[in-house]
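The values are calculated or read from the model by the stated rules, or taken from the named source; none is laboratory data. These figures come from a predicted structure and were not determined experimentally. Glycine gets a Cβ as well: all are built from the backbone with ideal geometry, and neighbour counts include every protein chain shown.
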């Protein structure tokens with residue numbers, strides 16, 4: 001929250017310094033993420049999850065039909081694995097009912113080129129997101145299998161820590177995991193202006209691997225080695241400052 005307030009203050013100062021020939025607008029935005037991951041694991045079928053994003057938005061109008069938009073947002077991304085489907089795909093004869101839910105928290109800076117056709121907008125551009133934490137929650141029940149009448153319930157949570165580059169597994173406890181702190185990708189979408197209100201819908205295509213790599217190869221590596229964020233977004237922005 002402090003980062004968002006500092007960014008809003010910085011943008012307000014920038015608005016005073018922008019030449020009068022270029023229109024500058026500052027506002028707040030909030031919306032939904034429908035999130036999953038792209039991957040190269042043939043047996044993995046992750047499920048979509050819904051999260052929120054919120055933050056500040058700034059726009060520089062460079063010409064009548066062209067502008068640049070940026071800002072800073074808190075955003076959450078992630079996915080879910082159905083454990084029953086996963087074990088069935090592995091041909092493991094165990095009846096499992098439950099899930100693994102994962103989410104990653106980021107501070108995200110988009111840089112969008114915007115083409116305007118009256119009230120309609122078309123935008124595209126890169127985003128740069130920096131991890132600030134996350135969580136993985138495991139909850140499922142095992143029944144049957146090789147022992148008739150066997151029942152076991154598994155419930156666990158672990159914090160996820162963002163790391164830059166390769167990490168040392170010895171620095172993290174049993175209730176901690178890691179993920180790559182830097183997420184870079186491409187945003188594309190459309191918007192519609194209604195006075196000071198902007199309604200956007202888009203897609204965020206992540207290019208960075210979420211899975212962090214250890215400094216030394218592990219004897220039992222994770223099953224999933226290449227996951228990239230894939231997020232559909234919808235947001236509403238309100239511009240409260242215009243210069």
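For this structure, a couple of remarks:
- Summed over segment 105-142, the residues that are without any contact (Cβ under 8 Å) to a residue 40 or more places away in the chain and surrounded by 18 or more Cβ atoms within 10 Å (Cβ to Cβ) give a count of 1.
- Any chance residue 156 is in contact (Cβ under 8 Å) with a residue 40 or more places away in the chain and loosely packed, with under 13 Cβ neighbours inside 10 Å: no
- Residue match in segment 182-199 (condition: within 30 Å of residue 87 (Cα to Cα), in a strand (DSSP E or B) and at pLDDT below 95): no
- Scanning segment 56-69 for residues that are surrounded by 17 or more Cβ atoms within 10 Å (Cβ to Cβ), modelled with pLDDT of 95 or more and out of contact with any helix residue (DSSP H, G or I) (no Cβ under 6 Å at 6 or more places or on another chain) yields 57, 59, 60, 67, 69.
- Residue in segment 31-44 that is touching a helix residue (DSSP H, G or I) at 6+ places or on another chain (Cβ under 6 Å), assigned to a strand (DSSP E or B) and either at positive phi or buried (at least 16 other Cβ atoms within 10 Å of the Cβ) (or both) present: no
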